[in-house]
Amino acid sequence: MIIPVGHENLRGRRWPWVTTVIIVLCSAVFLVTYGPMQEQMAQTGQVQLHLVLLSALYPDAPMTPAASHIVRAYKLEHMNIYSKMEEPGRDHFIDAWDKQIHGDDFSASDANTQMNQLCSQLAQVQAGSIAWNYAFHSVDPYARSYITATFLHGGWLHIIFNMWFLWLAGTILEDLWGRIIYPIFYLAAGALAWAVHGAVFPHSFIPALGASGAIAGLMGAFLVRFPTTRIRLGWVLWVKIIKFNVPAYVLLPLWLLMNLSSGLLARLVGAEAGIAYWAHIGGFAFGALGAFLLRTSGLEQSADRAIEARVSWTADPLIVRATDSLEENNPAGAIATLQQHLQEKPDSIDGWDLLFKAQERRKDLAGQKETLAMLCRLRVTAGELEAAAADYEKYKNLGGEKLPRGVWLELCRYFEREQCWELAVDEYEKLAHAFPAERAAASALVSAGQICVAHLASPERAEKCFKEAQMSPVPHYDLDPAIQQGLQKCIPAPVQDVRYLR
């Protein structure tokens, strides 16, 4: 199983209170409604099933409008199954009640009596049903259900994954749009998602619920606004989690394509799946279009300026001035201001980060490399290793080859902890070759060799690393036991000569 575990833009200018409130509200509603809703849905389902079975055998039995809606919807959605239910001589029964109404002693009068009782039971269970009153039903939707269905969930995994996806996509969009546009956008995406689901399955009375349609809207917006952002994925493989990065412009269209293919298949066979694929598709399309319109209309820029006005009092005046220069498309002015700021505060991560953006605008490759190297050092010192690794990747892409020894070594260890084995070995070897006359080189080569033996099944590469460490001109007596042990593990096991007696 592959799940997203983060992305490089999770840090915002302020705490995402709207996203937090939505998560808390959905979780509280789930804890209160999950148990009763499961019991109520079982009762409602049984009454609906008996209504359909009885109407198939006795179509003239009088029904209330609500019961007629359900029977008509079932006939339209499941014509083949309903036609089999209409067969009077069938010998396969769904339950004891079904068998009873097929008995020789069951008359049309009995059918009318049973139908009256079922219609009464239907009205009773619907009146007290959380799912019927607040989930979305295509066949007869309440206006409120376009909103309330988004806050209901049908299981633990359902809400856990939805809330995690909401956090990943919602925090950055709340930071971008603010606390007015963002919740309106979220609710509108959810409502439109249900409308699309209802349009595709207009006769369904199966309750649809969950925040996934609204979250799909946020994912569509994420793709439009942050297409190159790298999303961190975790591949759960037995007891290990292998992490890797995929840009949003690859991952999110792939997710949409999977939903589209599953949705088309569900529509082709004429039956709903256990997942509201078309709600996902509708929400995603709305989110992508909505994000584009918010940006082109200027609403996004207005919201961004309002947020900056509220948070800028905590920012350094020079940072604020440099940010204004960038917004005015004056990167040279921003660079001059930031150089002044960094003379006063050389360890300002925000200052260096903004300087990189200004240099990026001016296409100053040499300046970008120097700035990224400094950002790597500062982030490693601050313990922000994931961000440091992201900056190091940019540094390499620009042609950077060598970081300070201590910073580089910490990044190598981070890659090793993250189980990025191939990358860790590559970086350990580069570090060793960049600093051959220092003790860190021998230590890096030993670490690389151990990874090759334990995780990459590459004894030849491991032996090369251990022998290079052994030949290091720097004293490394404490590493000799690990080197010898590693070399022993590189020796192939002897092939046994097995002879068979005939």
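The values are calculated or read from the model by the stated rules, or taken from the named source; none is laboratory data. Predicted model, so just to flag it, every value in this text is computed and none were measured. Cβ sites come from the backbone with ideal geometry, for glycine too, and all protein chains shown count toward neighbours.
A few remarks follow.
- Which numbered condition residue 57 fails, given (1) buried (at least 20 other Cβ atoms within 10 Å of the Cβ); (2) over 30 Å from residue 191 (Cα atoms); (3) among the aliphatic types (A, V, I, L, M): (1)
- Residue in segment 300-308 that is over 30 Å from residue 432 (Cα atoms), crowded, with 17+ Cβ neighbours inside 10 Å, of a type in the set (Asp, Glu) and in contact (Cβ under 8 Å) with a residue 60 or more places away in the chain present: yes
- Lone qualifier among 235, 255, 194 - being over 29 Å from residue 305 (Cα atoms) and in contact with a His (Cβ under 9 Å, 6 or more places away or on another chain): 255
- Checked against (1) in contact with a helix residue (DSSP H, G or I) (Cβ under 8 Å, 6 or more places away or on another chain); (2) assigned to a helix (DSSP H, G or I), residue 14 meets all criteria but (2).
- Elements of type helices (runs of 4 or more DSSP H) contained in segment 38-104, each with 1 or more residues being of a type in the set (Asp, Glu): 65-77, 96-101
- Test: residue 472 is free of Cβ contacts under 8 Å to residues at least 24 places away in the same chain and either buried (at least 18 other Cβ atoms within 10 Å of the Cβ) or over 27 Å from residue 371 (Cα atoms) (or both): no
- Tallying residues that are farther than 14 Å from residue 55 by Cβ, among the hydroxyl-bearing types (Ser, Thr, Tyr) and under 49 Å from the mean Cα position of the chain (by Cα) within segment 82-141 yields 4.
- For residue 113, the requirement of being polar (S, T, N, Q) and crowded, with 17+ Cβ neighbours inside 10 Å is not met.
- Residue check, residue 31 in contact with an Asp or Glu (Cβ under 9 Å, 6 or more places away or on another chain), under 27 Å from residue 140 (Cα atoms), in the same structural domain as residue 186 (by TED's automatic domain parsing) and part of a helix (DSSP H, G or I): no
- Among the residues making up segment 60-93, those that are surrounded by 12 or more Cβ atoms within 10 Å (Cβ to Cβ) and among the hydrophobic types (A, V, I, L, M, F, W, C) are 61, 63, 66, 67, 70, 71, 73, 76, 81, 85, 93.
- Some residue of segment 328-335 being surrounded by 14 or more Cβ atoms within 10 Å (Cβ to Cβ), polar (S, T, N, Q) and without any contact (Cβ under 8 Å) to a residue 12 or more places away in the chain: yes
- Exclusive hit being part of a helix (DSSP H, G or I), assigned by TED's automatic domain parsing to the domain that holds residue 217, modelled with pLDDT of 85 or more and surrounded by fewer than 13 Cβ atoms within 10 Å (Cβ to Cβ), set 257, 289: 257
- Residue in segment 112-121 that is in contact (Cβ under 8 Å) with a residue 40 or more places away in the chain, within 19 Å of residue 36 (Cβ to Cβ) and not in a loop (DSSP other than H, G, I, E, B) present: yes
- Residues that are part of a helix (DSSP H, G or I), at pLDDT 90 or above and over 25 Å from residue 445 (Cβ atoms) do occur in segment 395-412, at least one of them.
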